[in-house]
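What follows is a set of notes on a single structure, which appears directly below.
The values are calculated or read from the model by the stated rules, or taken from the named source; none is laboratory data. It should be emphasised that the depicted structure is a prediction, and the values quoted were computed from it without experimental measurement. Positions of Cβ are generated from backbone atoms using ideal geometry, with glycine treated the same way; all protein chains shown enter the neighbour counts. Side chains are part of the model used for accessible areas, which takes the heavy atoms of the whole protein and leaves out ligands, DNA and RNA. Shrake-Rupley method; radii C 1.70, N 1.55, O 1.52, S 1.80 Å.
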Amino acid sequence: MVRVLAVCGLPACGKGEFADVASSLSLPVRSMGDMVREEVVRQGLEGDPRVFGRIAVELRAAHGDDVLAVRLADAIDAMEERPALLIIDGLRGVAERDVFIARWGQDFRVVAIHAEAEVRFNRSKARARAEDGSLEDFQARDTRELGWGVGQLMEEADHVLHNRDPLSAFRAEALALLQSLTA
């Protein structure tokens with residue numbers, strides 16, 4: 001059985017940075033957000049903040065709040081190689097967490113990343129992903145993800161990291177946590 005660590009937090013909190021640190025340790029990373037981005041491409045849509053949000057909502061409405069988790073868990077369980085630890089980037093809802101707990105039980109853990117809203121918004125502007133947009137779009141994403149239960153996930157996480165400036169300090173904390181989990 002694979003051990004899995006899911007990363008949760010509000011948009012632009014540092015989930016991708018955490019995933020980059022994990023990748024630097026040769027840990028496999030699977031992204032929940034990539035699944036939404038793939039669906040946008042599959043439907044032939046142009047990516048913008050409202051399209052990504054709409055597709056995420058539509059998938060959940062049509063197939064249940066756990067749709068992305070079920071799809072991802074199936075893909076992880078089908079992996080031929082079993083890594084020491086696998087990272088899921090972008091856990092956003094309680095229903096998703098429940099799928100992962102049902103699949104992996106005690107081999108599943110959650111790390112929450114906290115960052116102030118102003119820091120997150122400035123970082124989102126700097127990274128300029130298609131799903132990032134205006135302050136209004138950013139606040140709408142926060143509201144949507146809080147509605148899915150990301151706030152509860154952050155409160156109940158097994159591990160907590162705080163992402164403040166400098167980014168190098170956060171990366172060092174992430175590295176220490178990952179090394180402790182793979183030792």
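Some points to look at:
- Among the residues making up the stretch 16-69, those that are farther than 18 Å from Phe100 by Cβ and among the polar types (S, T, N, Q) are Ser23, Ser24, Ser26, Gln43.
- The residues listed here are Leu85, Leu59; of these, the one that is surrounded by fewer than 18 Cβ atoms within 10 Å (Cβ to Cβ) and more than 24 Å from Gln179 (Cα to Cα) is Leu59.
- Entry remark, the stretch 43-59: residues being part of a helix (DSSP H, G or I), modelled with pLDDT of 90 or more and out of contact with any helix residue (DSSP H, G or I) (no Cβ under 6 Å at 6 or more places or on another chain) number 1 in total.
- Selection from the stretch 63-82 of residues that are without any contact (Cβ under 8 Å) to a residue 40 or more places away in the chain, part of a loop (DSSP other than H, G, I, E, B) and open to solvent by 80 Å² or more (accessible area, probe 1.4 Å): Glu80, Glu81
- The single condition among (1) more than 14 Å from Glu17 (Cα to Cα); (2) touching a residue at least 24 places away in the same chain (Cβ under 8 Å); (3) β-branched (Val, Ile, Thr) that Thr143 does not satisfy is (2).
- Within the stretch 156-166, tally of residues that are open to solvent by 60 Å² or more (accessible area, probe 1.4 Å) and touching a residue at least 24 places away in the same chain (Cβ under 8 Å): 6
- Residues that are within 17 Å of Glu58 (Cα to Cα) and surrounded by fewer than 14 Cβ atoms within 10 Å (Cβ to Cβ) within the stretch 133-155 comprise Thr143, Gly147, listed in sequence order.
- For the stretch 99-117, the criterion of being farther than 25 Å from Gln139 by Cβ, among the acidic types (Asp, Glu) and open to solvent by 60 Å² or more (accessible area, probe 1.4 Å) is satisfied by no residue at all.
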